[in-house]
Each structure stands twice: as C-alpha cells, then as structure tokens.
Amino acid sequence: MPYWTIDPSAILKSLGARRQVFHSEADLQFEFANEVRVLYPEAQIRLEVPLSPREYADIVVVGPDDSAVVIELKYLTRKWSGPVAGEQFALKNHSALDLRRYDVMKDIRRVEQFIAERPGWSGYVVTLANDAGYWTPPRGERVSNDSEFRIHDGVVINPGPRGWASKTASTRKREAAIHIGGTYALRWADYTTLDASIAGAFRYLIVPVSLSE
C-alpha cells in the first residue's frame, strides 16, 4: 500500500493562480506551505524542522497515516523589479549559478538522507527560478567547472559522487563532493510570465527524491 503523499506540481499550479512572484525564498516557503494547507486540510505542516543535529528541512508535511513528506525549496532569482497585482517587487540577482546548482544538488542528497532514516517518508526538492541559465543546456561540448552539478532541462543525474573540476577557484565553502544515491531525470515546467524581459519568465523544477543507496 503506497504511503500518503502530496503533488508539488498541483500545489505550484494552484499557488500560481494567486502569487506570480515572491519577495524572497522565505516568502515562497510560507506561501507554498499555505497552499499545502488549502489542498491537503488533513495534513499537519511544519517549517524549519530539525531532522539532524545540524540540518533543517524547509517544510515537513505529516499525513493522516503518520507518514510524512519533506520538501526543500530553492528560489533562484535574476534581477527584476516591477508591480504585480498592485504590489511592488524588487528581486535580487543571485548570480553565481554554479554555486546555486551545487546547492540544489546538495538538497537532493540531504533529502535522500532524511527519508532513508525515516521509513514511510518521501521527499521533493522544488526549485523556482527566473534565470534561463538554470534550465538551458550548455552550448557545445566544453566541460565547465560545475559540469557535474548541471540541472538543466533533460539532464539525467546518475548515482555516484559529483564534484568540481580540478581547476575550480573559490567555491565559498562548497568544496565537498556530493554523493547522489538515486537516478533523477530533470524536467522544468512553466510557472508564470511577468513580462517579455530576460528575467520575466519563471519556471520550476520538481525532483521526486528516492531512497539513496
């Protein structure tokens, strides 16, 4: 019998009907959790849950059968500003796409570890972005310093260690290789389009995380 779970795609589609853009990652987390509450009134929702001595999960949703879903959210923005539904937004430019890709990959590994230690749990890593550099495949065959952390549309992440190229400079305390346990085929989907500018389109990536090896 399958465990109780949620559908992040349905949550984002419902959320997108009332919130096209978010001020920050914390704003996205709060609104995502609220949408879970609306769509799954039988669930208990907790934010910033300590699941190990030094690791917190963004959201944990506990189902009626005491199984749970752990969700890690990333909000990766390119600079954009303007009014939306009468509210003014000014998104920051995160840049450093290589470091942000590393962080997404690390979240996948963290969720693998969380659910491996908790029978009956499942997990997702959800990324919302308005920078096409995340979902667009690289041009040509050139190997970049962060090639093993690419998360573009259509890429397949296979089990095993993933690390930086040997000549990579500063990684801002992200030196450690990440050991991925599952296999993940990544697909991005449209979230919303604010305008025709380079940063006006938002897309999302949902990674259903499987148990690590």
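The values are calculated or read from the model by the stated rules, or taken from the named source; none is laboratory data. Given the structure is predicted, the values throughout are model-derived calculations rather than measurements. With ideal geometry, Cβ positions are generated from the backbone for all residues, glycine too; neighbour counts draw on all protein chains shown. To get the accessible areas, we keep the full protein, side chains included, count just its heavy atoms, and leave off ligands, DNA and RNA. Shrake-Rupley method; radii C 1.70, N 1.55, O 1.52, S 1.80 Å.
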Listed highest first by mean packing, meaning other Cβ atoms within 10 Å per residue, what order do 63-69, 40-46 come in?
63-69, 40-46
Rounded accessible area of His152 (nearest 10 Å², 1.4 Å probe):
30 Å²
With a point put 7 Å past each Cα toward its Cβ, work out how far Lys79 is from Arg187 in nm, to one decimal.
3.6 nm
Along the Cα-to-C-beta direction of Ser197, a point sits 7 Å from the Cα; which residues of region 49-87 have their amide N less than 16 Å from that point?
77-87
If Rh is defined by the Kirkwood formula over all Cα pairs and Rg also comes from Cα, what ratio Rg/Rh do you get for region 16-141?
1.01
Can you list residues from other chains, or at least 5 along the same chain, whose modelled amide H is less than 5 Å from the amide H of Trp121?
Ala68
So if R0 is 41 Å, what FRET efficiency would Ala17 and Ser166 give, r being the distance between their Cβ atoms, rounded to the nearest 0.05?
0.30
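By how many nm would the segment from Leu47 to Leu99 lengthen if fully extended, with 0.36 nm per residue of separation less the alpha-carbon distance? Don't skip to the answer; put the middle values down first.
Numbers: separation 52, 0.36 × 52 = 18.72 nm, distance 2.44 nm.
That pair, Leu47 and Leu99, stretches by 16.3 nm at full extension.
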Based on Cβ point charges of +1 for Lys and Arg and -1 for Asp and Glu, what charge dipole magnitude is obtained for region 43-114 about its Cα centre, in debye rounded to the nearest 20?
480 debye
Amide N of region 28-66 lying under 17 Å from the label point, which is placed 7 angstrom from the Cα of Tyr3 along Cα→Cβ:
43-46, 49-52, 57-66
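Rounded to the nearest 500 deg cm²/dmol, what is the calculated helix-only ellipticity per residue at 222 nm for the chain, with -39500 (n - 2.57) per DSSP H run of length n ≥ 4?
The per-residue figure over the chain is -7000 deg cm²/dmol.
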